[in-house]
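Notes to accompany the following structure.
The values are calculated or read from the model by the stated rules, or taken from the named source; none is laboratory data. Model, not experiment: these values are computed from the prediction. Positions of Cβ are backbone-derived with ideal geometry, glycine not excepted, and every protein chain shown enters the neighbour counts. In case anyone asks, the SASA skips ligands and DNA or RNA and just uses the protein heavy atoms, side chains included. Shrake-Rupley method; radii C 1.70, N 1.55, O 1.52, S 1.80 Å.
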Amino acid sequence: MGADGHSHAGHDHGVSADADKRWLSLALALIVAFMAIEVTIGIMASSLALITDAAHMLTDAAAIVLALFAIKIAAKPAQGGYTYGLKRAEILSAQANGITLLLLAVYFVYEGITRIIDPPNVDGKLVFFTALAGCAVNIAATMCIRRANRESLNVEGAYQHILNDLYAFIATAIAGAIIWATGWGQADAIAALVVAALMFKAGWGLVKASGRIFLEAAPEGVDPSAVGADIASVPSVEEVHDLHIWEITSGQAAMSAHILVTPGADCHAVRATVAKRLHDDYDIEHATLQVDHVGDEDHCDEPHGESYRSADQAASDVPTVSAPAGTPTPAAAPAPVAKADDHAPKNGGTT
């Protein structure tokens with residue numbers, strides 16, 4: 001007798017309402033307002049560093065808008081063909097944001113190198129004070145987003161971007177001070193290249209994280225082999241196979257597996273024990289487990305992936321060592337030969 005279990009203890013799927021819309025909206029307002037000012041001043045000062053910072057802030061604003069949109073649509077219940085709902089909407093937007101960052105970084109690297117070769121006349125004083133204001137705005141926006149639910153890949157991505165923006169504004173302020181003090185215009189282009197490097201880092205991180213979810217890889221920090229071996233160590237479990245671990249969306253891991261237990265064991269009790277261990281040790285709350293007695297399974301002629309066996313079962317599967325083919329069989333020891341007097345009558349008796 002088997003037990004098909006679906007464990008989902010108190011878990012709120014996907015992007016939750018805890019990702020506070022009010023704090024996200026406040027951060028968005030700060031970023032958009034300063035971005036418009038920065039673009040204007042960047043053009044006036046002929047500063048590529050300021051324009052690059054503004055482009056980076058544009059992607060931050062886009063990430064927050066998409067996060068707010070994802071919160072709204074991900075809250076809709078699963079229906080029709082979308083059995084998980086629209087949980088991966090935020091992953092689509094995060095990947096688009098990451099790709100945009102990478103493309104912008106390539107453009108600004110090209111522009112930065114061009115300006116190092118042929119630097120324009122940059123107003124260092126204007127760059128310096130604008131960058132200082134940008135630092136203040138980024139600190140305020142960062143504090144806002146820290147209060148939102150950062151389990152969302154979009155929200156966490158926006159937080160990291162704004163944090164990178166803060167470092168970028170510091171580099172731009174340094175460049176502005178150098179130009180203001182020395183007139184060395186290449187400092188602006190170098191600051192732009194620093195910002196582009198930060199954009200590469202943030203963009204690649206988003207593309208990599210979203211790609212892992214789309215390819216249904218195991219969550220970062222979860223080793224499927226360790227999970228399979230751990231389940232196989234549960235009392236009464238003899239084998240685990242068809243083990244799959246993936247993420248439905250950021251912060252929501254899921255798992256399915258087929259577990260074989262010793263004949264006579266309580267399948268439901270084993271399923272409950274395994275589900276609790278997955279929840280407590282691996283933060284996997286969405287687990288679909290099929291538990292059968294050994295010999296009852298009828299569909300696993302070719303299990304998918306690796307199989308994990310209990311220590312007792314693995315030991316019983318160790319093959320005995322046999323002699324190689326062609327090895328001569330040792331001759332049997334000859335039977336003892338009876339002596340002539342072995343059966344002679346005792347004490348002179350007759351037969």
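Among residues other than Ala89 whose Cβ falls under 12 Å from its Cβ, what is the net charge (Lys/Arg +1, Asp/Glu -1)?
For residues surrounding Ala89, the net value is +3.
Rolling a 1.4 angstrom probe over the protein chains, ignoring ligands and nucleic acids, what is the accessible area of Arg212 in square angstrom, nearest 10?
Accessible area of Arg212: about 70 Å².
Please compute the volume of the convex hull spanned by the alpha-carbon atoms of the stretch 57-103 and report it per residue in Å³.
With only Cα atoms used, the stretch 57-103 gives 54 Å³ per residue.
Between Val106 and Phe214, how high is the FRET efficiency from 1/(1 + (r/R0)^6) when r is the Cβ-Cβ distance and R₀ = 22 Å? Nearest 0.05.
0.45
Quick one: net charge of Met57's neighbours, Cβ under 10 Å, K/R +1, D/E -1?
-4
Zone of Phe69 (label point 7 Å along Cα→Cβ, backbone N under 17 Å): which residues in the stretch 91-121?
Under 17 Å, as judged by backbone N against the label point of Phe69, lie 91-101 of the stretch 91-121.
Figure the gain on full extension for Thr40 and Arg22 (residue separation times 0.36 nm, minus the Cα-Cα span) and round it to one decimal in nm.
Once the chain is fully extended between Thr40 and Arg22, it gains 3.7 nm.
Assuming R0 = 25 Å, what is the FRET efficiency of Ala133 and Trp204, from their Cβ-Cβ distance, to the nearest 0.05?
Here the calculated transfer efficiency is 0.30.
Expected output is a single nm value to one decimal: the length gained when fully extending between Ala181 and Thr273, i.e. 0.36 nm times separation in residues minus the C-alpha distance. What is it?
26.3 nm
Please give the FRET efficiency for Ala29 paired with Ser225, using the beta carbon to beta carbon distance and R0 = 56 Å, rounded to the nearest 0.05.
0.75
What is the spin-label model distance, in nm, from Gln79 to Asp281 if the labels are put 7 Å beyond Cα along the C-beta direction?
For Gln79 paired with Asp281, the spin-label model returns 4.1 nm.
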